[in-house]
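Engineer: Mind having a look at this structure? Questions to follow.
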Amino acid sequence: MSLEAFETHSFTQNPLDIVEEIVNANEWAFDRASNEEMLVEVSGRWCTYRMFFYWQHEISAMQFSCQYDMHVPPNRLSAVYELLAIINERLWLGHVDVDAEDQVPMFRQTILLRGAQSASVEQMEDLVDIALTECERLYPAFQFVIWGGKSAREAVAAAILDTVAEA
């Protein structure tokens, strides 16, 4: 199977402009280092999260990550990798991984916007809301594995409740 390439002209507006409006409306601390990068800090229930937004105009894609305020000690790394495998099987959007350099867990997702005039406010709100909701939901599982010495399966059983239906 081959894909035929058509010449397209992408005039996608920078979605970081929308993110900046959302951040200002929520009065979150942020730093927009350039037209392509933004760092936002948000206080959650369990910790402060650092959200990174990277806009790549050439491919009309925005990479997003939401870092936990925790580091994985080397002796717990294999247990955390097992936890990541279990968690990622359950996620519909995005994934969770550990930064190889800093050993920091994070939620990550990329949004492709090729052919769109711009991202919508709803898309950017959903991106942030889903990331923060998932990070808050998963935080106890990381704590059980990293500091509680629990196995990944024990941590998931104790900390993560998957909603099956609405009552």
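Engineer: Measure off 7 Å from each Cα along the Cα-to-Cβ vector at R90 and A29, then give the distance between these two points in nanometres to one decimal.
Structural biologist: A separation of 3.1 nm, rounded to one decimal place.
Engineer: Among V121, V23, V98, which comes first, second and so on when ranked by fewest other beta-carbon atoms within 10 Å?
Structural biologist: V121, V98, V23
Engineer: Now for a separate question. L39 to R114: FRET efficiency via 1/(1 + (r/R0)^6), r the Cβ-Cβ distance, R0 22 Å, to the nearest 0.05? Let's see the in-between values first.
Structural biologist: On the way: r = 25 Å, r/R0 = 1.14.
Once the sixth-power term is evaluated, E becomes 0.30.
Engineer: If you don't mind, another one. Could you list the square roots of 5 times each eigenvalue of the Cα gyration tensor of the chain, that is, the equivalent ellipsoid semi-axes, sorted largest first and rounded to whole Å?
Structural biologist: 31, 19, 16
Engineer: Further question: What helices does the chain hold that run 30 Å or longer along their axis, going by alpha-carbon atoms, with a Kyte-Doolittle average of -0.5 or more, using DSSP H for the helix calls?
Structural biologist: Span-like helices here: 121-146.
Engineer: Can you sort E21, E122 so the residue with the fewest Cβ neighbours within 10 Å comes first?
Structural biologist: Placing the least packed residue first, the sequence is E122, E21.
Engineer: What is the gain in length, in nm to one decimal, between S78 and F52 on full extension, counting 0.36 nm per residue of separation less the C-alpha to C-alpha distance?
Structural biologist: Extra length available between S78 and F52 comes to 6.8 nm.
Engineer: Lys/Arg Cβ at +1, Asp/Glu Cβ at -1, dipole of the chain taken about the Cα centre: which of C66, F53, A85 is farthest positive-ward?
Structural biologist: Result: A85.
No lab work stands behind these numbers, since they all come straight from the coordinates. If you're wondering where the values come from, they're calculated on a predicted model, not measured in any experiment. Counting neighbours? That spans all protein chains shown, and the Cβs are built from the backbone with ideal geometry, glycine included.
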